[in-house]
Amino acid sequence: MDLVKQVEKQYGHRLRLRVCGICIENEKLLLVHHKGVGPEGELWSPPGGGMEYGSTAPDNLKREFLEETGLVVAVEEQIFVHEYLEPPLHAFEIFYIVKVMGGTLYTGYDPESEREAQLIQHVSFISWEEIKQKPPAHLHQILKHSSSLQDLLCRRGYYKFSV
């Protein structure tokens, strides 16, 4: 099964609740590069993932960071909510500012995917200039519609961008 079909089968055609973290170090934003997601089968987005029943949003976000990036984070301020709607995916994403407390950065994994069919391809801190050089179709909607790291950090409230 190709990754796009895997994503649709696992996550598509249902509403999900996700938590995501904005992590900045040395004027660079931590991003995860996914395959099989987005209109062209590639997506760069802040780390995050689905909420697990019985676990708080901050605890879910800490788990997701550790799985995806190897980093231990402190979850700080909740800054905005984004409604991600790019069929077949639909999710409400709660964004927080996070701070690295420990761990070692590495490309992690998605425990819901088989080892040979991982969606996560790479994680790294990327400058805003590098982000804007990527094809817009490969960027999470919140990145496409922000003009700078400062603009991203200043967002508050609810956002839904048309595709």
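The values are calculated or read from the model by the stated rules, or taken from the named source; none is laboratory data. Note that the coordinates shown come from a computational prediction; the quantities given were computed from them, not determined experimentally. FYI the Cβ positions are ideal-geometry reconstructions off the backbone, even for glycines, and counts take in every protein chain you see. Please note that ligands, DNA and RNA were not included when accessible areas were found on the heavy atoms of the full protein model with its side chains. Shrake-Rupley method; radii C 1.70, N 1.55, O 1.52, S 1.80 Å.
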For the range 20-36, state whether one or more residues are more than 21 Å from PRO135 (Cα to Cα) and touching a Gly at 6+ places or on another chain (Cβ under 7 Å). yes
Count, please, the residues in the range 28-42 that happen to be open to solvent by 10 Å² or more (accessible area, probe 1.4 Å) and on the phi < 0 side of the Ramachandran plot. 8
Scanning the range 1-27 residue by residue, the ones that are within 15 Å of the chain's Cα centre (by Cα) and open to solvent by 10 Å² or more (accessible area, probe 1.4 Å) total 5
Only one of (1) under 15 Å from CYS154 (Cα atoms); (2) at pLDDT below 95 does not apply to TYR96, and that is (2)
Can GLN6 be described as on the phi < 0 side of the Ramachandran plot, in contact with a helix residue (DSSP H, G or I) (Cβ under 7 Å, 6 or more places away or on another chain) and in a helix (DSSP H, G or I)? yes
Those residues of the range 94-119 which are under 14 Å from LYS62 (Cβ atoms) and not hydroxyl-bearing (Ser, Thr, Tyr) amount to ILE94, ILE97, VAL98, LYS99, VAL100, MET101, GLY102, GLY103, GLY108
Among strands (runs of 3 or more DSSP E) entirely within the range 44-163, at least 1 residues that are free of Cβ contacts under 8 Å to residues at least 12 places away in the same chain and surrounded by 13 or more Cβ atoms within 10 Å (Cβ to Cβ) occur in none
